[in-house]
Every structure is written in structure tokens, then in C-alpha cells.
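The values are calculated or read from the model by the stated rules, or taken from the named source; none is laboratory data. Please read all numbers here as calculations on a predicted model, not as lab measurements. Cβ sites come from the backbone with ideal geometry, for glycine too, and all protein chains shown count toward neighbours. Note: accessible area is taken over every heavy atom of the protein model, side chains too, but ligands, DNA and RNA are not part of it. Shrake-Rupley method; radii C 1.70, N 1.55, O 1.52, S 1.80 Å.
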Amino acid sequence: FPRAYQPVAVTCKRYLGETANTSFARGIFLGELREEELFPYPDVLSAEQKETISMMMEAGHSFFQETNDAAGNDSNEKIPEEQLDQMRALGMYGLMVPEEYGGVALTNTMYAKFGELTGEYDLGLGIHTGAHQSIGYKGILLYGNEEQKEKYLPSLASGDVFACFCLTEPSSGSDASSIKTRAVLNEAGTHYVMNGAKIWISNGGIAEIFTVFAKTPGIDKKTGEPKDKITAFIVERAFGGVSHGPPEKKMGIKCSNTAEVYFENCEIPVENVLGEEGDGFKVAMNILNNGRFGMGACLTGTMKMLIAKSTDHANTRKQFVSNLREYQGIQQKIARMNLLCYANESMAYMLCGNMDRGAPEYQLEAAISKIFASQAAWDVCDETIQILGGAGFMKDVGIERWMRDLRIFRIFEGTNDILKLFVALNGVQDIGKKLKSAGTMGAMMGLMKNKFLPAAPLKCNVHSDLAPSVDMLRGDISKFSVSVSEQVIKHKKNIISQQVLLNRVADVAILLQSMASVISRSNNMAEKGDTGEIVLANAWCAESHQKIKILLDEMGDSEITKVDEAVLAVGRMGLDANGYLAKSPIGC
């Protein structure tokens, strides 16, 4: 491709320092509608960039339609070498690498748009390329020094060698801080000696470059006592002491390589520390935060494809004399699928667009986008199978592969369950700080004052047809902030253990973020003379408003709390019984 644009390593570094709280998602916990983060909807591509990404998309469509065999990749559980060669020729392994290191240097938005192709055609192949560049060598882009970038990025961008991200261990999944892999500096001070094992590593069996996280000995700055800290390393297979297990047999994304990786007395030069010693946890979290933005766009491609298959079937299939399209049940399903895709796409491009225009904070928005996209794509796939009926269940139709592939998206790069807690607890922490600064009486008076007041009115002009949705958003943000604040006052520090409550908090935050995104997007289109998307935005906001009302009522309802306690008691009983609780109703 002829042109390159602002390197991601430049734009990403702007987010990594300490900055003021500017996140829209964090603002809603404080009852603030931060319209400067919302309007205008990001329009960050120049005419030349749009032309470039359109050309890339055209070449990508040709590759996926004429060369890539997604069903064959799935059956054979590998990608043929001739396909890998074409992917190298298309620059698919260095999409966000700066031009001076041999990459295409796409912006976040351009990368996201190109990612829709893998979502549309082959999620397994998308995991292979994503594991390589979205997280595999992303740490070098974000934290690598000039020598590290010059040494590793050219061969990684060309696809001559593959990279992987090594964090998960047999005893350490969502709790990344509990890893056991250790790296100890030798007596000469020239190399770290690493020992440990990593599991479920995408590209683990084919990678030559590994971003590895290990415990290193350190000193607690507060107590002066010895304390291990996590450090990130760039490890080459060529260092020796690196091996891997056989490819894992998986439910889906079968053509992507997944394997265990072992480090046995692997000697790593000190210059291969990534970032600073002891900063590995921050490095890992920022890699994952930065990598999540592409998932929403990728799964937009998946949902658009599934919606096309569903509508085609509904428009042509006749039952009881009429086409399926004439029945309200089918119309409702198609509506839900379109609305889910619209909300997801709106959040995805809001996120990457704000990243491109230098938003200093986006970790909650990235987590929300990942949670929403992975669940929405699953729901759309499920409804596609339902609309197609028996045909949807048949392997030759191909939808079953998408369902198998999609299941992992709610698990990897942060399980949705953990990310919901991450979203909720970050907001709760901000509320706690605000309440602490106000004092107990001041906080209570503030809550009473704000309980029936919506968030401040918007300063910017919004299309009049969107006014009802804007009013719902303003009101819901205020009620949400008050409701969560009341729970913080009620539970104090113990709120961290109230996971049922925190899940409701996160669900509301996700809905509010989606409402804001569709309002901004549809308003942007209306300003350009296209008011057609307003009906989508208003429908989504009206439905979300009803869901938020139910969730907020549940958060403050003591009777619902009793129901929650009864359900949790059954869960504990089941765990104590180590299985199903009831006896057979027929006595045998």
C-alpha cells in the first residue's frame, strides 16, 4: 500500500501517563454527561486515508473470497503456507507498525475498519493475525526503546516471524498478578534466567518472538522487605530453553495455533526487558486495554454478515403461504439484530476515533466495547440459526462454525465477568473519592438534591428528533449516579464483594455508553443530511431506558435483594454438594 499514517506507537503513548479523569464512561458514575467526549462523533480520516483504506478493503475482500478457505482452515486446523504468503504480501502482519520499520502504519480507525474483514470471513484467521500484532508485539510498539523496535519490528511487520503474548498460566487466569513464572538476574548481571510455563497461548507453537511476563525479585519501597514484582520481557525462541506443547484441540478458531509454552533456564539479555523492571503488570494491562478496541469492529463485520444471511432467508423463505418477513416474530428478531449491530458499531468507532484524536483515557470504554461486542455477536448468531431453522443447524451452511468461533470472545482478553467488575469498581472508586471529600452529611445532602435532577443540558446542538433520547440519557445518568452512590454509602468497602450488585452497575454503565454513542453517531449523520439513522438511535435508547429503569429499581429494592440472597444460597448449596442438588422425581 502506497501511504502510511501516524504511527500507533506515537498516539498510544499519549494515553499511558497520569492524566485528569476525562473518560465519558467514568463521568457517568459521577452524574456527568461529558459532551466534549461525545460530540462531535469522531470523523478522523482524511479523504486520502479513506481512499487508502477503501483500496485495502477491496484487496482484502479479494483475498478472502478468492484465496482464503475458512471452512478448510477450520477442518484442517491450520492456515496453508501459500495463504500466509499472500497475507504477508498484503501487509496484514504489520498494519499498525510505523512505516520506518516496514509497516503500513494505519491509524486505530483504519485498523478497526480492516478488521471487519476477518470478522466477516474468518474469525480463526483473525485470531492468528490479532494474536501477532494486537497483543503479540504490541508491547514493543508501546514500551519498546529504539533499539528494540529496530531489532524486532521489521521482521514482525513483514510476517517473517510471528509473535505471541504469554501471560496466562495453569494457576493464573484472570488473576494475572498470581503468575509463577520467575526470572532471576544472574551473578554477572547480564542475563535473566527464566523458568515457568504459560498455557493457551495463541501462536505459541509457531512464534519466534514472545512477550513474556514473569516475577522478578524486588524490594517493597514502603517496608524495605523483599517483594516479587512482575516484569515484561522480549524473549526469542533462539535464546534456547524455549519449547512448546502440541496444538490444543479447541471448540472453535481452530486454524489459529494455540499451545502451551515452556521456559527452562532461558537466558534473556538484560536489554530485553520491556519497559522498566517491575512494571510488567502495567505493561500487560495497557497492552490488553489497547488491543481490545479492535474487537468491536471485527465483530461488527461478523454481525453484518449474519444479518445479511438472516434477511435473505426471511425474504425468500415461505411458510404458511407468506414469506417469513411478514411475521412479527421475524421482524422483531431482525430489528434486535440490527439494533445490536448499530449500537456495537457506534461504540467501536467512537472508541477508536477518540483514540486517534488523542483521548487521554479510554480503558473503561474499551472494556465496555469488548463486553458488548462479544455478547451481541453471540446473540445475533444465535438468532440467525433460529431464523434459518433446520438449515442453520447444518454444517454446510456454515453458521455453526461462527457460533463455535464466537464462544471464545466472551472469555479471552479479559473475561466478560471480570471486565464487568473492572468497569463497576473503577466507577465505584471514583464515587468513593467524591463522597469522602464531601463528608457524610455533605454527600447525603448532595444525593437528595440531585436525586430528581437530570444531568446538565447539552451545550451543543442536537437534532430535534433526538431530543427524547437525549432527555432519557440525561435523566438516566443522574439516577444511575445517585443509585450507585447510595450503594457505596450502604456497603462501604464491602461493596467489592457485592458482585451481583456490581454486575447490575456494569450493565447500566454499558447501556448508557451505548445510548450516548448512538445519539452522537446519528446526530453526526443528520448534520450531513442523512436522518435515517435517528430511528435506530431512538429505538435503541427507548429500549435501553426501559432496561436501565428495571436495573436501577432492582439495585435499590430490598425485596430483590432477598431474592438475590435466596438464589446465591442455592448456588452455595450446589457447590457444597459438588453437583446437582435435587433427587430424581421418579425415585431411581
When segment 170-214 is checked residue by residue, the ones that are within 19 Å of residue 286 (Cβ to Cβ), without any contact (Cβ under 8 Å) to a residue 60 or more places away in the chain and not small (Gly, Ala, Ser) are 175, 179, 210, 212
Expected single match for surrounded by 10 or more Cβ atoms within 10 Å (Cβ to Cβ), out of contact with any strand residue (DSSP E or B) (no Cβ under 6 Å at 6 or more places or on another chain) and over 30 Å from residue 39 (Cα atoms) among 569, 506, 526, 516 is 569
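Before we move on, is residue 315 at pLDDT 90 or above, surrounded by fewer than 23 Cβ atoms within 10 Å (Cβ to Cβ) and under 30 Å from residue 176 (Cα atoms)?
no
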Looking only at segment 360-384, count how many residues are farther than 17 Å from residue 424 by Cβ and open to solvent by 30 Å² or more (accessible area, probe 1.4 Å). 5
Looking only at segment 278-294, and only at residues there that are in contact with a Lys or Arg (Cβ under 8 Å, 6 or more places away or on another chain) and among the small types (Gly, Ala, Ser), the one that is farthest from residue 168 (Cα to Cα): 278
In segment 123-206, which helices (runs of 4 or more DSSP H) lie fully inside it and hold 2 or more residues that are in contact with a strand residue (DSSP E or B) (Cβ under 7 Å, 6 or more places away or on another chain) and crowded, with 24+ Cβ neighbours inside 10 Å? 138-143
Can you find, within segment 268-284, the residue that is surrounded by the most Cβ atoms within 10 Å (Cβ to Cβ) among those that are under 22 Å from the mean Cα position of the chain (by Cα) and small (Gly, Ala, Ser)? 280
Out of the residues in segment 386-420 that are among the aliphatic types (A, V, I, L, M) and open to solvent by less than 30 Å² (accessible area, probe 1.4 Å), which is nearest to residue 497 (Cα to Cα)? 419
Could you count how many residues in segment 525-559 are of a type in the set (Ser, Thr, Tyr) and within 26 Å of the chain's Cα centre (by Cα)? 1
Output the residue which, of all residues in segment 207-217 that are surrounded by 19 or more Cβ atoms within 10 Å (Cβ to Cβ) and not β-branched (Val, Ile, Thr), is nearest to residue 259 (Cα to Cα). 207
Would you pick out the residues in segment 221-267 that are among the β-branched types (Val, Ile, Thr) and either within 18 Å of residue 139 (Cβ to Cβ) or open to solvent by 50 Å² or more (accessible area, probe 1.4 Å) (or both)? 223, 230, 231, 234, 235, 242, 261
Which ones in segment 76-123 are free of Cβ contacts under 8 Å to residues at least 12 places away in the same chain and of a type in the set (Gly, Ala, Ser)? 89
So which helices (runs of 4 or more DSSP H) stay within segment 31-103 end to end and still have 1 or more residues that are open to solvent by 40 Å² or more (accessible area, probe 1.4 Å) and within 29 Å of residue 149 (Cα to Cα)? 47-66, 81-89
In segment 472-485, anything open to solvent by 10 Å² or more (accessible area, probe 1.4 Å) and farther than 12 Å from residue 29 by Cα is listed as 472, 474, 475
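Have a look at 380, 270 and point out the one that is at pLDDT 95 or above, of a type in the set (A, V, I, L, M) and within 30 Å of residue 239 (Cβ to Cβ).
270
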Kindly list the number of the only condition in (1) modelled with pLDDT of 95 or more; (2) on the phi > 0 side of the Ramachandran plot; (3) out of contact with any helix residue (DSSP H, G or I) (no Cβ under 9 Å at 6 or more places or on another chain) that fails for residue 278. (1)
Count - residues of segment 532-566 that are touching a residue at least 40 places away in the same chain (Cβ under 8 Å), open to solvent by less than 60 Å² (accessible area, probe 1.4 Å) and in a loop (DSSP other than H, G, I, E, B): 1
Checklist (1) over 30 Å from residue 345 (Cβ atoms); (2) surrounded by 10 or more Cβ atoms within 10 Å (Cβ to Cβ) applied to residue 580, failing item: (2)
Pick from segment 328-346 the residues that are at pLDDT 95 or above and among the small types (Gly, Ala, Ser): which of them is farthest from residue 374 (Cα to Cα)? 335
Residue 411 is checked against (1) of a type in the set (A, V, I, L, M); (2) under 17 Å from the mean Cα position of the chain (by Cα); (3) within 30 Å of residue 323 (Cα to Cα); (4) modelled with pLDDT under 95 and fails just one. What number does that condition carry? (3)
